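Novice: Got a structure here, written out as structure tokens. Questions coming.
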Amino acid sequence: MVLDSGTQSYERHRSVLSASPQRERDGKKFSEHNGLRLYPYLSPSPSPDSDPAHLGQRPKMLTKLKCSKASEARSEIRRQSETCSSFSSPCSWMRRSESTSTVNSSGRARAQIRSAASLPHIARPKSEEISRRSPCLLVALRPLNVDEEREKFFQSCYTYNPQFEYEEPVPTAVLEKYRDASDQFITQATGIIHAVLEKYGSYENFEVATGGRLLSKCQIWSIIRKYMQKEGCVGEVVVQLTEDLLSQAVMMVENSRPTLAINLSGARQYWLEGMLRHEIGTHYIRGVNNARQPWHSAQGRKRYGLKPANPTEEGLASLHSVLFRKQPFLWRAALLYYTVHQASRLSFSALFQHLERFVQDARVRWEYCVRAKRGQADTSQPGCFSKDQVYLDGILRILRHRQTIDFRLLAALGKVSYEDVTQLKPFGVLEKARIPHFMQDLERYRKQLEHIMATNRLNEEELEQLLPD
């Protein structure tokens, strides 16, 4: 692990992560310090996250924010923008997790990454390959005038519908792919949301009670170091602390190195390790394993007839975010699903006001609405960008088949769907596959999945009906 607390904008390159040069030269087996072999499973079980006791009483019903508070709310809003590499290409396996929000592009100066010989290098794409690729999705969907429109919106007391402008026309194929919201799991989404509100009264109370206090930089570094040791990836991932993220974290490629940026304002006492399980324990480890497989390329995936990695990838990562919480509510995945569904029917301003019943914080609501409406120019019209529904979709599919999925093999085979695991097992390169430390005790892991089912009031029979074999 390399530590870097600088603030900067980020690049991502379409590429495949190669094995560490030092490991390739030495030819050593992975130990608990530099990785895990698939069999046997040697890492100790993690300590569960702890949550404070829930609030005893439910606060009074939420009331609408007064217009006089709009100025104060505006000051709390951070810049909503997304950055991608200058390469006009879709971001590859190390693109930022879509479960996180966006990187603030206002910090233009790039921080220097300290040298680390053990960092895996990611090959840059050839120039002739770059020219053949389509524009990066994240760039195409980034409004150029998000700051100005946010200011107008808050000055209007939330009645103005932002008119977003984009650097170039959003590809029609992208809008077509994500224009339709699903209502397949809307009952489960609303059930999760109401379960949280019944227990905590509001999102704000839920955040304080289950997230705990914000951590200092020293505390964050300490937790990160311990986690990297558990996963055997010390020295492989560059870690940066910043205040320019709207969400908890973002995993990307920075200067051809796997890089994890963590938001200081979102690093909470009981949520940080879950975030590391999401970004490092799931996205990073599955990406490293994927690079060793014969299906690591687009051609390889086509040759083996693989299904898309999502919704399995984000569903698995989202489950791991809450895996060891005492109250593992799937709030964010549920609210993203619900918000997209409502955005397909409402204007931006109507959506913003509608969400107040669930989230009183205007800053948080703005983030959810921008995510759901990205890609639109005139947000006065109904319409959505439905990609954010993938998290709850993936979660529920995995929970539906939780008793039959080989989770260790799912991690070892890389970026594959749970549906392809059985057919790929004979062809997988498993000798030095890494397994997240929290999957070592599978009995405990499966018990945690049952706890997630119960906490979120998910019904086995309903899932079977929604997702028949």
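Novice: May I ask you to give the percent of accessible area on segment 157-257 that is carbon plus sulfur, with a probe radius of 1.4 Å?
Specialist: 50 percent
Novice: Whole-Hz Karplus ³J(HN,Hα) for segment 458-469, in order, using 6.51 cos²θ - 1.76 cosθ + 1.60 and θ = phi - 60°, x for Gly and Pro?
Specialist: With the stated coefficients, segment 458-469 comes to 8, 9, 4, 5, 5, 5, 5, 6, 6, 10, x, 5 Hz.
Novice: Among the GluC sites (Glu not before Pro) in segment 140-179, which ones are in a DSSP loop with at most 16 other Cβ atoms within 10 Å of the Cβ? Mind listing them?
Specialist: Answer by residue number: GLU165, GLU167.
Novice: On to the next question. Assuming R0 = 35 Å, what is the FRET efficiency of ASP361 and LYS226, from their Cβ-Cβ distance, to the nearest 0.05?
Specialist: 0.65
Novice: Taking only protein heavy atoms into account and a 1.4 Å probe, give the accessible area per residue of segment 318-469 in Å².
Specialist: Computed with neighbouring chains in place, this is 33 Å² per residue.
Novice: Which far-off residues, 5 or more places away or on another chain, put their amide H under 5 Å from the one on TYR166, with H placed in the peptide plane?
Specialist: Distant-sequence amide H within range of TYR166: LEU144.
Novice: Something else: Can you pull the one-decimal nm distance between simple spin-label points at LEU144 and GLN465, each 7 Å off the Cα toward Cβ?
Specialist: Distance between the two pseudo-spin positions: 5.0 nm.
Novice: What's the extension gain from VAL208 to GLU151 if we count 0.36 nm per residue and subtract their Cα-Cα distance?
Specialist: Gain on extension, VAL208 to GLU151, equals 17.7 nm.
Novice: Hey, rough spin-label estimate for GLN299 and SER380, points 7 angstrom out along Cα→Cβ, what's it come to in nanometres?
Specialist: 5.2 nm
Novice: Check LYS307: other-chain or 5+ apart residues with amide H under 5 Å from its amide H, H built from backbone geometry?
Specialist: Distant-sequence amide H within range of LYS307: SER417.
Novice: In sequence order, what are the phi-derived ³J(HN,Hα) couplings for segment 274-286 according to the Karplus relation 6.51 cos²θ - 1.76 cosθ + 1.60 with θ = phi - 60°, rounded to whole Hz, with x for glycine and proline?
Specialist: Couplings: x, 5, 5, 5, 5, 7, 8, x, 10, 4, 5, 5, 5 Hz.
Novice: Each label point is 7 Å from the Cα along the Cα-to-Cβ direction; what then is the distance between the points at GLU450 and LYS307, in nm?
Specialist: Inter-label distance under the simple model: 2.6 nm.
Novice: Indicate the gyration tensor shape class of segment 262-301 (rounded, prolate or oblate), computed on the Cα atoms with a ≥ b ≥ c the square roots of the eigenvalues: a/c under 1.5 is rounded; otherwise a/b larger than b/c is prolate and the rest oblate.
Specialist: prolate
Novice: Still on this structure, please answer the following. From the phi angles alone, apply the Karplus equation (6.51, -1.76, 1.60; θ = phi - 60°) to segment 329-339 and give each ³J(HN,Hα) in whole Hz, x where the residue is Gly or Pro.
Specialist: Rounded to whole hertz, the list is 6, 9, 4, 5, 4, 5, 6, 4, 4, 5, 4.
Novice: Give me Rg over Rh for segment 384-439, both radii from the alpha carbons and Rh done the Kirkwood way, two decimal places.
Specialist: Reported Rg/Rh (Cα atoms, Kirkwood Rh): 1.03.
Novice: Further question on the same structure: Assuming a ≥ b ≥ c are the square roots of the Cα gyration tensor eigenvalues, decide whether segment 202-350 counts as rounded (a/c under 1.5), prolate (otherwise, with a/b larger than b/c) or oblate.
Specialist: Judged from the Cα gyration tensor, segment 202-350 comes out oblate (a/c at least 1.5, b/c at or above a/b).
Novice: Calculate the length of the line joining the C-alpha centroid of segment 160-191 to that of segment 352-395, in whole Å.
Specialist: Rounded to whole Å, the Cα centres lie 9 Å apart.
Novice: Which order do the peptides 197-206, 331-340, 374-383, 300-309 come out in when sorted by mean C-beta neighbours inside 10 angstrom, highest first?
Specialist: Peptide ranking by packing, descending: 331-340, 374-383, 197-206, 300-309.
The values are calculated or read from the model by the stated rules, or taken from the named source; none is laboratory data. The structure displayed is predicted, hence computed values, not measured ones. Counting neighbours? That spans all protein chains shown, and the Cβs are built from the backbone with ideal geometry, glycine included. To get the accessible areas, we keep the full protein, side chains included, count just its heavy atoms, and leave off ligands, DNA and RNA. Shrake-Rupley method; radii C 1.70, N 1.55, O 1.52, S 1.80 Å.
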